[in-house]
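The values are calculated or read from the model by the stated rules, or taken from the named source; none is laboratory data. All values derive from a computational prediction rather than experimental measurement. Note: ideal-geometry Cβ built from the backbone for every residue, glycine included; neighbour counts use all protein chains shown. Protein only, heavy atoms only, side chains kept; ligands, DNA and RNA dropped before computing areas. Shrake-Rupley method; radii C 1.70, N 1.55, O 1.52, S 1.80 Å.
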Amino acid sequence: MNPLLSQLQPYPFERLRQLFAGITPPAAYSPVSLGMGEPRHPTPQFIKDALCNNLGGLASYPATAGEPRLREAFSGWLHRRYAVAVDPATQVLPVNGSREALFAFAQTVIDASGGQPLVVCPNPFYQIYEGAALLSGAAPYYAPSDPARNFAVNWDTVPDTVWQRTQLLFVCSPGNPTGAVMPLVEWEKLFELSDRHGFVIASDECYSEIYFRDEPPLGGLQAARQLGRSDYKNLISFTSLSKRSNVPGMRSGFVAGDAALIKAFLLYRTYHGSAMSPIVQAASIAAWNDEQHVVENRALYRKKFAQVTPLLAGVMDVALPDAGFYLWAKVPEQLAMDDAEFARALLAQYNVTVLPGSYLAREAQGSNPGAQRVRMALVAETEECVEAALRIVQFIQSRTP
């Protein structure tokens, strides 16, 4: 067996299953899960129709690069959303969701032949970054989030000796779990560091279409264009239909950016067998070419967060994020329990599931930046999320001296 597999840590949801072992939630309360970040709004009918109307695609092997119409849909959406221009023939590729692409990309760009390189990622973070780094032969370095800046990553804490060994940087904006969006000045800083040290930037942007303010989140390619980097050197953005269009089961997204990196990634994917089904390609074209369902989906989240956030803010340190569908809430100090104890007791008393923040982070530089926080995914219908919030309020009040 590959010895690197032994370095992988249990996934947060496996740890959550172990944490909840032996608990029998009260039957008087219907179960409400805010634990898993899986979109649960209805899939738009026109996307379902596109799937059903293109079953003839089952008779064909798909090309790894995707159909020209699909790549044109990607580039068209990027132009409408970010006002950036990419060549659909050389600067975009379909992927089977951002998760597999983020993992596979690290295997493409990491060169561990000269010693163990570093992969820098946010902390807290999406655990795929860590696994991708470890299985590529690199070591992860965790850059902490700053609570004083709405949990934006503090890149200034990363020493130059780390950047010198870095081959890949994972950026997540809007962030999971904090929802923080990276401003242009930080992109400028990272591009300068990339130019100086030669590392690649992988920009995970799968939450980009769920936001709460008038201005949409800045994207990596958009930042590059605004800074005069129209070749997108050493930059690849990752985006997905899962959250945008409520189709997590379709496993559809794309990457875009530096043509040289796209060429290498296409070679890897050709051998990896990562071609997107023709049926999914057809439905993806329909989804990327329609924006109305995205506007309606965003409105549902805005309504939901507007109702839930004030309820929880009355008893917890929690605020509306920049974007995404998570609340990143602090466990009240007066409860005298850590984030795992909070999650376990909440399930046992009120049948509500939340994810301990420490499960989404690592101990680094002397602390775990997810400790004493819980992540709440407001993915269910508004009424269910409000009910969960009311139970959390009751839970905290019942245990407050």
Condition check for ALA275: open to solvent by less than 60 Å² (accessible area, probe 1.4 Å) and of a type in the set (A, V, I, L, M): yes
Count - residues of region 31-56 that are open to solvent by less than 70 Å² (accessible area, probe 1.4 Å) and over 17 Å from VAL280 (Cβ atoms): 6
Filtered residues of region 301-316 (kept if open to solvent by 70 Å² or more (accessible area, probe 1.4 Å) and under 22 Å from the mean Cα position of the chain (by Cα)): ARG302, LYS303
Qualifying helices (runs of 4 or more DSSP H) (wholly inside region 154-253; at least 3 residues being modelled with pLDDT of 95 or more and under 25 Å from ALA286 (Cα atoms)): 220-226, 241-245
Options ALA340, ALA286: the member that is touching a strand residue (DSSP E or B) at 6+ places or on another chain (Cβ under 6 Å) and either among the small types (Gly, Ala, Ser) or assigned to a loop (DSSP other than H, G, I, E, B) (or both): ALA340
Selected residue (only one of ARG17, ARG69, ARG40 is of a type in the set (Lys, Arg) and closer than 25 Å to ALA132 by Cα): ARG17
Residues located in region 158-171, provided they are closer than 16 Å to VAL200 by Cβ and open to solvent by 20 Å² or more (accessible area, probe 1.4 Å): GLN164, ARG165, GLN167
Residue list for region 373-395, filter: without any contact (Cβ under 8 Å) to a residue 60 or more places away in the chain, open to solvent by 30 Å² or more (accessible area, probe 1.4 Å) and not acidic (Asp, Glu): GLN394
Verdict on PRO122 being under 15 Å from VAL200 (Cβ atoms) and in contact with a Gly (Cβ under 9 Å, 6 or more places away or on another chain): no
Given (1) closer than 16 Å to SER284 by Cβ; (2) open to solvent by 40 Å² or more (accessible area, probe 1.4 Å); (3) aliphatic (A, V, I, L, M), index of the condition ALA101 fails: (2)
Inter-residue pairs, beta-carbon under 6 Å, first touching a residue at least 12 places away in the same chain (Cβ under 8 Å) and within 20 Å of THR90 (Cα to Cα) and in region 216-237, second open to solvent by less than 10 Å² (accessible area, probe 1.4 Å) and polar (S, T, N, Q), 6+ apart: GLY220/SER203; GLY220/SER237; LEU221/SER237; ASN234/SER194; SER237/SER203
Region 346-370, residues that are open to solvent by 10 Å² or more (accessible area, probe 1.4 Å), in contact (Cβ under 8 Å) with a residue 12 or more places away in the chain and under 18 Å from TYR141 (Cα atoms): SER358, TYR359, LEU360, ARG362, ALA364, GLN365, SER367, PRO369
Residue, nearest to ALA287 (Cα to Cα), within region 263-272, restricted to residues that are at pLDDT 95 or above and open to solvent by 10 Å² or more (accessible area, probe 1.4 Å): LEU266
Residue within region 79-93 that is open to solvent by 10 Å² or more (accessible area, probe 1.4 Å), farther than 30 Å from PRO278 by Cβ and at pLDDT 95 or above present: yes
Answer from THR382, THR400 - the residue that is hydroxyl-bearing (Ser, Thr, Tyr) and closer than 18 Å to ARG302 by Cα: THR382
Flag if LYS304 is under 30 Å from GLY57 (Cβ atoms), assigned to a helix (DSSP H, G or I), of a type in the set (Lys, Arg) and at pLDDT 95 or above: no
When residues of region 52-81 are limited to those that are in contact with a helix residue (DSSP H, G or I) (Cβ under 9 Å, 6 or more places away or on another chain) and among the polar types (S, T, N, Q), the one nearest to SER252 (Cα to Cα): THR64
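Yes/no matrix, rows are residues, columns are (1) more than 19 Å from the chain's Cα centre (by Cα); (2) among the hydrophobic types (A, V, I, L, M, F, W, C); (3) surrounded by fewer than 15 Cβ atoms within 10 Å (Cβ to Cβ):
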residue: LEU135; (1), (2), (3): yes, yes, no
residue: SER145; (1), (2), (3): no, no, no
residue: ASP156; (1), (2), (3): yes, no, yes
residue: VAL185; (1), (2), (3): yes, yes, yes
residue: ASP195; (1), (2), (3): yes, no, yes
residue: PHE199; (1), (2), (3): yes, yes, no
Residue match in region 6-28 (condition: open to solvent by 40 Å² or more (accessible area, probe 1.4 Å), polar (S, T, N, Q) and in contact with a Lys or Arg (Cβ under 9 Å, 6 or more places away or on another chain)): yes
Tally, over region 270-285, of residues that are out of contact with any Leu (no Cβ under 9 Å at 6 or more places or on another chain) and hydrophobic (A, V, I, L, M, F, W, C): 1
